[in-house]
Amino acid sequence: MADERSAIPLADVLGAANELVSAGLIKDYALGGALAAIYYTEPVTTYDADIFFVVSDKTLSAGIPAIYSHLKSEGWRVEREHFIVKDFPVQFLAASGLTEEAVRAAKQIEYEGVPAKVFRPEYIIAISASVGRHKDRARIEQLLEQATIDKPLLDDILRRYNLNLPKK
Amino acid sequence: MKSEFRRELAQQPFEEKIHKVGELISLSRKVKTDASLDSDENTGFNGAELSESVLARDWNSPEEDAVWSNL
């Protein structure tokens with residue numbers, strides 16, 4: 001029987017992202033999306049991991065074929081927009097603008113002994129405000145309630161990217 | 001009271017929170033698989049089709065609270 005704890009193989013995901021950096025295929029990366037929010041909030045359900053990366057190759061393909069080849073050689077497979085590792089979907093998203101700034105400012109963490117970076121809550125809030133789906137509004141509310149927020153930093157990000165928090 | 005409890009959950013180690021989410025995903029897969037086996041249209045389970053909206057639908061239900069009560 002499979003270990004329930006392996007349902008989210010996050011250490012494998014972060015380890016693979018570290019390998020992509022070491023191989024020079026990406027410059028930098030950070031965990032974003034729901035899993036990043038969970039670093040600061042109560043657990044919430046999600047069905048994939050979002051890895052935002054800063055490209056090494058600024059061409060149109062942004063090094064995606066090289067990333068694909070590397071992960072495939074590690075036993076990952078591709079289904080639609082997701083890479084699949086141990087039955088868990090992972091999205092690799094090329095960062096730009098706000099998300100690139102979020103990667104560069106991300107918090108250094110360690111997950112099960114694997115060094116990694118995770119978006120700071122102020123950036124998760126700003127990115128959620130820019131997307132604006134129902135689940136993004138819920139994420140903002142949770143972060144504001146449960147995380148320690150650097151309010152001046154959040155205000156600065158929102159101002160620079162011309163974003164507003166949703167009204168309650 | 002409920003938001004206090006949720007804030008306490010937020011303070012748990014990241015690894016522990018991720019494992020809890022993993023348990024919910026496994027549970028959801030099992031429920032979906034069982035439902036699929038019971039169905040006349042047995043189309044099997046595709047993990048990639050796990051829907052966040054379905055998973056989140058009962059988030060605030062008493063049953064959901066019960067799942068988290070052992071934390």
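Every read-out reported here was derived from the displayed coordinates using simple, explicitly stated rules and does not represent laboratory data. Model, not experiment: these values are computed from the prediction. Cβ sites come from the backbone with ideal geometry, for glycine too, and all protein chains shown count toward neighbours.
Structural remarks
- Net charge, B:ARG7 excluded, C-beta distance under 12 Å - Lys, Arg +1, Asp, Glu -1: -2
- With Cα atoms, 0 to 90° folded angle of helix A:134-146 axis to chain A main axis: 70 degrees
- With the simple model of a label 7 Å out from the Cα in the direction of the Cβ, B:ASP34 to A:LEU153 spans 4.4 nm.
- Within a Gaussian network of chain A (alpha carbon springs, distance under 10 Å), most fluctuating of A:ARG133, A:ARG77, A:ARG104: A:ARG133
- Among the listed pairs A:LYS27/A:LYS72; A:LYS135/A:LYS168; A:LYS117/A:LYS168, a Cα-Cα separation exceeding 26 Å is found for A:LYS117/A:LYS168.
- The sum of -39500 (n - 2.57) across all DSSP H runs of n ≥ 4, divided by the residue count of chain A, sets its helix-only mean residue ellipticity at 222 nm to -12500 deg cm²/dmol.
- Normalising the average separation of contacting C-alpha pairs (under 8 angstrom, six or more residues apart) by the number of residues puts the relative contact order of the range A:4-120 at 32 percent.
- FRET efficiency estimate (nearest 0.05) - Cβ-Cβ, A:GLU110 to A:SER73, R0 30 angstrom: 0.70
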